[in-house]
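The values are calculated or read from the model by the stated rules, or taken from the named source; none is laboratory data. Model, not experiment: these values are computed from the prediction. Cβ sites come from the backbone with ideal geometry, for glycine too, and all protein chains shown count toward neighbours.
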Amino acid sequence: MKELAATGIGTIRDREKALTARFLEAVRDLPVVVCGTGDADRSMPVVSVTVPGRDMGRLARRLYEDHGVLVRSGLHCSPLAHQTAGTFPEGTLRFSFGRETTPDDIDAGVTALAHVL
């Protein structure tokens with residue numbers, strides 16, 4: 001809590017938006033579908049993508065085993081939301097950015113995603 005107060009919520013939000021925007025810009029040329037708004041100003045620092053015709057679990061495993069990139073795959077405890085979004089039953093790959101995430105981490109994650117695709 002002290003760290004949050006010292007840094008300031010606005011500063012943290014600006015940093016998260018910048019990381020999210022960097023990721024969204026970087027995946028534009030990849031064969032992925034971004035779920036949600038695709039707008040860092042209207043998003044949390046969590047981006048779900050899907051790759052038509054690909055198994056999200058296998059992609060997540062390859063990202064981790066081949067590149068050390070951790071993502072969450074599947075329905076994320078929300079199958080009804082995935083039915084609405086049209087990502088059921090495959091689900092999505094979910095990338096999350098936090099206070100320890102760096103711009104280099106974003107670049108490495110996108111490079112790894114491009115490689116496994």
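Can you report the number of residues in region 1-56 which are aliphatic (A, V, I, L, M) and outside any helix (DSSP H, G or I)?
Of the residues in region 1-56, 10 are aliphatic (A, V, I, L, M) and outside any helix (DSSP H, G or I).
From the list V46, V110, V34, exactly one residue is touching a residue at least 12 places away in the same chain (Cβ under 8 Å), surrounded by 19 or more Cβ atoms within 10 Å (Cβ to Cβ) and not acidic (D, E). Which is it?
Unique residue meeting the criteria: V110.
Can you work out which of the residues in region 49-83 that are surrounded by fewer than 18 Cβ atoms within 10 Å (Cβ to Cβ) and hydrophobic (A, V, I, L, M, F, W, C) is nearest to F95 (Cα to Cα)?
That would be L70.
Kindly check whether there is at least one residue in region 59-69 that is within 28 Å of E3 (Cα to Cα) and within 13 Å of the chain's Cα centre (by Cα).
Yes - at least one qualifying residue is present in region 59-69.
Return the pairs, sorted by first residue and then second, in which the second residue is surrounded by fewer than 14 Cβ atoms within 10 Å (Cβ to Cβ) and modelled with pLDDT of 95 or more, the first residue lies in region 57-77 and is more than 21 Å from P103 (Cα to Cα) and of a type in the set (K, R), the beta carbons are less than 9 Å apart, and the residues are 6+ apart or on different chains.
Note: pairs meeting the criteria are R62/H115.
Taking region 40-66 as the region of interest, how many residues are touching a helix residue (DSSP H, G or I) at 6+ places or on another chain (Cβ under 7 Å) and farther than 28 Å from D14 by Cα?
Adding up the residues that qualify gives 4.
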